[in-house]
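A.B. asks: Sending over a structure as structure tokens; questions will come in a sec.
The values are calculated or read from the model by the stated rules, or taken from the named source; none is laboratory data. The model shown is predicted, which means the values in this text are computed figures rather than measured ones. Neighbour counts are summed over all protein chains in view; Cβ atoms, including those assigned to glycine, are modelled from backbone coordinates with ideal geometry. Please note that ligands, DNA and RNA were not included when accessible areas were found on the heavy atoms of the full protein model with its side chains. Shrake-Rupley method; radii C 1.70, N 1.55, O 1.52, S 1.80 Å.
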Amino acid sequence: GENWLADGVQVVQYQGFWLPKFIVQGIMLIHDHFNPRPTDIILSTFPKCGTTWLRALIFAIINRKNYYDFQNHPLLSSNPQDLVPFFEMLIHEGGSTSSIESLPSPRFLATHIPFPLIPKSMTSSSSGRFVYICREPKDVFVSMWHFMNKLRAKELAPLSLEEAFDFFCRGVTFAGSYWDHVLGFWEASLESPNKVLFLKYEDMKRDPSVYVRKLAEFLDLPFSAEEEDEGMVEKIVKLCSFESLSNLDVNKNGNNTPGKGKHPGTNSDFFRKGQIGDWRNHLTPQMVEVLDKITKEKFQGTELSFDLVS
Ligand code: A3P
């Protein structure tokens, strides 16, 4: 395997994707033991594409009847990771699927597993639904570079932008190649639009309420006329916005609870800028050219598009 973060995380190639070894172990347990349910909701993402945001939004949508009073909402006192388990991490840590099997329905789980590596039992029409969010690749890369340095052991020199760029372009990341990850879910969403909802971070940033309604409809939980009158959609959008979540004490100062199926790092690591186009502040013109070129080549012949520069 390839030595990646250089502080103990080994990356190996598995069925065409470079993945951390512990993730591969989690995937194998899932293949052997996980029992999907028709009510499962799986949030699938390539890391740094908006997982935290969607965790919060979907949690708020599916639980809105329980927490009618937004003043006591769990998202105000818990990091979204504490409310929505990280599927393969929790299973890997527990050494079995039992912690997931014991969850009540509907289960809401988050995963970074690439589509081709998800068991057929989960992607068949009789099992649950997938929500996928992707993001413009230059912003994903910049976000990932920052994140990798936050996770990196303090005694090590920071990972340079150039080193991280090389990893990203070769698909050596937490979840394999960004482009292959996106393409897998894109194709699945075209094939089964009722099973896989494909979203883009940029679209959601520009008009979050449209997508909150879309999400609710996709999950068979559309907003009633009464809820619309009460401004429920706007309340959810506001609660889950970068501004609100990133300023909460739990997300600014909260410590990550290790051993609970969560990422390493602290809660604040998941809130950086939350903007479109921060790559402009980091990438060289040559990096921009290389990333845009790969994106064009990989997504050629699909309807997938992003605001590329060159
Ligand atoms: P930046 O590093 O560009 O700021 P993930 O949750 O998939 O790990 O992705 C993290 C990225 O989403 C970070 O991007 C983070 O700031 C941003 N983010 C976190 N919460 C958000 C929210 N509520 N709304 C929009 N973006 C958010």
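A.B. asks: Over the Cα atoms, compute the radius of gyration (one decimal) and Dmax (the largest Cα-Cα distance, rounded to a whole number) for the stretch 176-247, in Å.
C.D. replies: Computed over the Cα atoms of the stretch 176-247, radius of gyration and Dmax are 14.6, 44 Å.
A.B. asks: Right, something else. Calculate for the chain the 222 nm mean residue ellipticity that helices alone would give, adding -39,500 (n - 2.57) per DSSP H run of length 4 or more and normalising by residue count, nearest 500 deg cm²/dmol.
C.D. replies: My calculation for the chain gives -12500 deg cm²/dmol from helical runs alone.
A.B. asks: Moving on. In nanometres, what is the gap between the two model label sites at VAL290 and GLU187, each 7 Å from Cα along Cα-to-Cβ?
C.D. replies: Placing both labels 7 Å along Cα→Cβ, they lie 2.7 nm apart.
A.B. asks: With every protein chain left in place, what is the accessible area per residue of the stretch 56-179 in square angstrom, probe 1.4 Å?
C.D. replies: For the stretch 56-179, the solvent-accessible area averages 36 Å² per residue.
A.B. asks: Once both labels are modelled 7 Å past Cα along the beta-carbon direction, what's the ASN194-LEU156 spacing in nm?
C.D. replies: For the pair ASN194/LEU156, the computed spacing is 4.7 nm.
A.B. asks: Please report, as a whole percent, how much of the solvent-accessible surface of the stretch 190-310 comes from carbon and sulfur atoms (probe radius 1.4 Å).
C.D. replies: Exposed carbon and sulfur together represent 48 percent of the surface.
A.B. asks: Find the Cα radius of gyration of the stretch 89-187, compare it with 2.2 N^0.38 Å by division, and give the number to two decimals.
C.D. replies: 1.30
A.B. asks: Given the convex hull over the Cα atoms of the stretch 192-310, what projected area results after averaging over all orientations, in nm²?
C.D. replies: 10.9 nm²
A.B. asks: At 0.36 nm per residue, and after removing the present C-alpha to C-alpha distance, how many nm does the segment from GLN71 to GLU303 gain when stretched out fully?
C.D. replies: Extending this stretch completely gives an extra 79.4 nm.
A.B. asks: Also, quick follow-up: Name the longest site-free stretch of the chain, where the excluded sites are GluC sites (Glu not before Pro) in a DSSP loop with no more than 16 other beta-carbon atoms within 10 Å.
C.D. replies: Numbers: sites that count: GLU155, GLU230, GLU303.
Between the exposed loop sites, the longest stretch runs 1-154.
A.B. asks: Hey, another quick one. If DNA, RNA and ligands are ignored and the probe is 1.4 Å, what is the ranking of ILE62, ILE236 by accessible area, most exposed first?
C.D. replies: From most accessible down to least: ILE62, ILE236.
A.B. asks: Using the alpha-carbon centroid of each, what span in Å lies between the stretch 60-79 and the stretch 88-146?
C.D. replies: 22 Å
A.B. asks: If you don't mind, another one. If you build a Gaussian network model of the chain, linking Cα atoms that sit under 10 Å apart, which residue out of PHE270, PHE70, PHE46 swings the most?
C.D. replies: Top of the fluctuation ranking is PHE70.
A.B. asks: Another question, then. The stretch 139-268: D in µm²/s via Stokes-Einstein (Kirkwood Rh, Cα pairs, 10 °C, 1.306 mPa s)?
C.D. replies: 89 µm²/s
A.B. asks: Now for a separate question. Per residue, how much accessible surface does the stretch 190-238 expose to a 1.4 Å probe? Answer in Å², no decimals. Walk me through the numbers on the way to the answer.
C.D. replies: Values: 2700 Å² over 49 residues.
About 55 Å² of surface per residue is accessible.
A.B. asks: While we're looking at this one, here's another question. Quick one: Cα convex hull volume of the stretch 74-114, Å³ per residue?
C.D. replies: That works out to 87 Å³ per residue.
A.B. asks: Stokes-Einstein at 4 °C, 1.567 mPa s, Kirkwood radius from Cα pairs: D for the stretch 148-192 in µm² s⁻¹?
C.D. replies: 105 µm²/s
A.B. asks: Something else now. From the mean inverse distance of alpha carbon pairs (Kirkwood) and the Cα radius of gyration, derive Rg over Rh for the chain.
C.D. replies: A ratio of 0.94.
A.B. asks: Kirkwood Rh, the stretch 23-103, all Cα pairs: how many Å?
C.D. replies: Numbers: mean 1/r = 0.0711 Å⁻¹.
Its Kirkwood hydrodynamic radius stands at 14.1 Å.
A.B. asks: So, one more: What lysines does LYS200 reach when the alpha-carbon gap must be under 23 Å and sequence neighbours fewer than 8 apart in one chain are set aside?
C.D. replies: Partners found: LYS48, LYS138, LYS214, LYS235, LYS238, LYS273, LYS293, LYS296, LYS298.
A.B. asks: Let me ask something else about it. State the three equivalent ellipsoid semi-axes of the stretch 205-256, derived from the C-alpha gyration tensor as the square roots of 5 times its eigenvalues, in descending order and whole Å. Walk me through the numbers on the way to the answer.
C.D. replies: Working: eigenvalues 130, 27, 23 Å².
Rounded to whole Å, the semi-axes are 26, 12, 11.
A.B. asks: Just subtract the alpha-carbon distance of ASN35 and ALA225 from 0.36 nm times their residue separation and send over the number in nm, one decimal.
C.D. replies: So the extension gain works out to 64.8 nm.
A.B. asks: Of the trypsin sites (Lys or Arg not before Pro) in the stretch 83-143, which ones lie in a loop per DSSP and count no more than 14 other C-beta atoms within 10 Å?
C.D. replies: none
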